[in-house]
Amino acid sequence: MASAILQRILDIAEEKGAISIKEANILIGELTFLDREQLAFALRVLSKETMAEKCKFKISVVKAKIKCSECGYRGKAIYDGPEYHTLNFAVPLNCPNCKGVKIKVTEGKEVLIRKIRLKVNSIGK
Amino acid sequence: MSNKEILSVSEGEILDIEIEEDLLKANRELASANRKILDSCNVKSINVMGSIGSGKTSIIQWLIKELKNKYRIAVIAGDVTTDIDAERVREAGAKSIQINTGRGCHLDALMIRKAVKKLDLKQIDLLFIENVGNLICPADFPLGTHINMVVVSVTEGPYMIIKHPFIVKEANVVVINKIDLADQMEVEIDKLVDDAKKINPLTKTVATSVKENMGLKSLINALEL
C-alpha cells in the first residue's frame with residue numbers, strides 16, 4: 001500500500017512538472033490494516049532517490065463512523081466489548097443506539113491522498 | 001495580471017494540489033466492476049480466504065469433485081509463489097489460473113480483473129478465487145465476489161476467529177475445518193462458532209473435515225450451490 005501511495009504521488013508530481021515534492025497529506029481509516037508509524041517509515045524508505053526524498057508525509061487517522069440500517073443511526077462506532085478491543089481500535093459490531101447488527105461502515109476504511117505540495121519549474125498541462 | 005502570468009510559475013515556486021483520491025475506494029470500485037462482469041455471464045464467485053495450511057485448497061478440491069457434474073468450475077489461485085494450488089485443483093477437474101503475487105500478501109480487484117480476462121466466462125458457472133494464505137490483509141481488498149468464505153482449522157488453536165475479527169466481519173460463510181482433530185487439539189468447535197456469531201451474527205458457520213468427509217452437504221447448502 002505504501003508503494004501504491006508513493007507511486008500515485010510521484011505520478012501526479014511528474015504530470016505537474018514538479019522538481020520535488022515538499023509535503024503530502026494522507027488520511028488512513030482506523031479500520032484499515034495500516035499503522036501510521038509503519039506507513040510513515042515505509043514512505044520514508046521508499047521515497048529515497050525519488051523527488052519525494054525530502055517530502056514531509058503528514059498522515060492522519062480517520063475515526064470509524066457507521067450507519068445502521070435498522071434504526072437509521074449515523075455516527076461514531078462505539079464498542080463496548082472487552083478491553084483488548086478498545087486499546088487501539090475496535091471492529092464495529094453493533095449499532096450503539098439500537099444494538100442492531102445491520103451496520104455499514106461509512107468512514108474509517110479509506111486510504112486517501114488528500115493534498116500534495118510541489119516545487120515546480122512551470123505549471124504542467 | 002495576464003493569463004500568461006497566471007499560468008506560469010517561476011522555478012522553485014510552490015504549488016499545492018488537492019487530490020482527494022482514496023486508493024482503497026479505487027479497489028472497491030474495481031471490485032464492483034468485477035461483480036458486474038461476473039453477473040453478466042451468470043458466474044457465481046466465491047472468495048476463499050484463510051491462513052496457510054487451513055485447508056483452502058483441499059476444500060476447493062472437495063467441492064469440485066462433488067459439484068463438477070453440476071457446474072462448470074474454474075479456480076483462480078493466489079499465492080506468493082509456485083503453481084502448486086492451481087495444479088491441485090486442475091487435477092480435481094477444474095480450469096485454473098495461478099496468480100503469483102510476489103511480495104504481495106493478498107489478491108486485489110485489479111489482479112482478478114486481469115485473471116478473469118484469461119477465462120472464457122461464458123463457459124463457466126462457478127468461480128472459486130483462492131486468496132493468499134493470510135487472515136489480515138485480504139479483508140481490506142474486496143474482489144467483487146458473491147460470497148466471502150473464511151476457512152479456519154482447529155489445528156490453528158482456539159483463538160483464530162476472535163483474533164481476526166475484521167475478516168470474519170466480512171465473511172458470509174465461516175468454515176471450521178479439520179474437526180476430526182478437535183479432541184487432540186483440545187479445541188471446542190462450539191466456542192469457535194460462538195466467536196464467529198459474536199463478531200458477525202449474519203454469517204453462516206459450517207464444521208468440516210475433508211479427510212473424514214464430514215460436513216460437505218452442509219457446506220454446499222451454506223454456499224447455496
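The values are calculated or read from the model by the stated rules, or taken from the named source; none is laboratory data. Quick caveat: nothing in here was measured; it's all calculated off a predicted structure. Positions of Cβ are backbone-derived with ideal geometry, glycine not excepted, and every protein chain shown enters the neighbour counts.
Put simply, of B:Ile179, B:Ile99 the only residue that is in contact (Cβ under 8 Å) with a residue 12 or more places away in the chain and either among the acidic types (Asp, Glu) or within 23 Å of B:Leu225 (Cβ to Cβ) (or both) is B:Ile179. Let me spell it out: the conditions are (1) in contact with a Leu (Cβ under 6 Å, 6 or more places away or on another chain); (2) not in a loop (DSSP other than H, G, I, E, B), and B:Ile161 meets all of them except one. Which number is the exception? Of (1) in contact with a Leu (Cβ under 6 Å, 6 or more places away or on another chain); (2) not in a loop (DSSP other than H, G, I, E, B), only one is false for B:Ile161: (2).
Being closer than 30 Å to A:Asn97 by Cα, of a type outside the set (Gly, Ala, Ser) and touching a strand residue (DSSP E or B) at 6+ places or on another chain (Cβ under 9 Å), is that true of even one residue in region A:15-24? So far as region A:15-24 goes, no, none of its residues is closer than 30 Å to A:Asn97 by Cα, of a type outside the set (Gly, Ala, Ser) and touching a strand residue (DSSP E or B) at 6+ places or on another chain (Cβ under 9 Å).
Evaluation of B:Lys70 against the conditions (1) in a helix (DSSP H, G or I); (2) more than 16 Å from the chain's Cα centre (by Cα); (3) at pLDDT 90 or above shows that the sole unmet condition is (1). Of the residues making up region B:151-173, those that are within 14 Å of chain A (Cβ to nearest Cβ) and aliphatic (A, V, I, L, M) are B:Ile161, B:Ile162, B:Ile167, B:Val168, B:Ala171. Within region B:120-142, residues that are closer than 18 Å to B:Ile162 by Cα and within 14 Å of chain A (Cβ to nearest Cβ) have Cβ atoms under 7 Å from residues that are part of a loop (DSSP other than H, G, I, E, B) and acidic (Asp, Glu) in these pairs: B:Ala139/B:Glu170, counting only partners at least 6 apart in sequence or on another chain.
When B:Arg113 is tested against (1) touching a Gly at 6+ places or on another chain (Cβ under 6 Å); (2) part of a helix (DSSP H, G or I), exactly one condition is not met: (1).
Residue-level analysis places B:Val151 outside the set of residues that are under 18 Å from the mean Cα position of the chain (by Cα) and either without any contact (Cβ under 8 Å) to a residue 24 or more places away in the chain or in a helix (DSSP H, G or I) (or both).
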